[in-house]
Amino acid sequence: MSEPAAKTKITPGEFIRQVRVEANKVVWPTRQETTTTGIFVGILMTILAVFFLGIDSAFGALVRWLLTLA
């Protein structure tokens, strides 16, 4: 197995410069994209909540029915 490469230390100033360069590469969403995505997430969350409520209620009723047989 080969030895790991030695890490070179960078100065805090160089680190900040690298962070700024990388931050400038970020493509931020527009207000319209953020709003659309938020609405979409809200709708899907509501649909999934109702679905899992139905599944949970059905299994709960099934378990209660099975317990009445015992």
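Coordinate-derived values only; no laboratory data. Note that the structure is a prediction, hence the values are computed from the model and not measured. Don't worry about glycine lacking a Cβ; one is built from the backbone with ideal geometry, like all the others, and counts go over all protein chains shown.
Odds and ends about this structure:
- With a Förster radius of 35 Å applied to the beta-carbon distance between PHE51 and ASN24, the computed FRET efficiency rounds to 0.25.
- The trypsin sites (Lys or Arg not before Pro) of the chain that meet both conditions, a loop assignment by DSSP and at most 16 other Cβ atoms within 10 Å of the site Cβ, are LYS7, LYS9, LYS25.
- Rounded to the nearest 500, the 222 nm mean residue ellipticity of the chain from helices alone is -26500 deg cm²/dmol, with -39,500 (n - 2.57) taken per DSSP H run of at least 4 residues.
- Student exercise, the chain dipole from Lys, Arg, Asp, Glu Cβ charges, in Debye to nearest 20: 240
- On Cα atoms only, tilt of 12-24 relative to the major axis of the chain in degrees: 50
- Computed from Cα atoms, the angle from the helix 31-69 axis to the main principal axis of the chain rounds to 40 degrees.
- Cα-based Rg and Dmax for the chain, where Dmax is the largest Cα-Cα distance (Å): 26.8, 73
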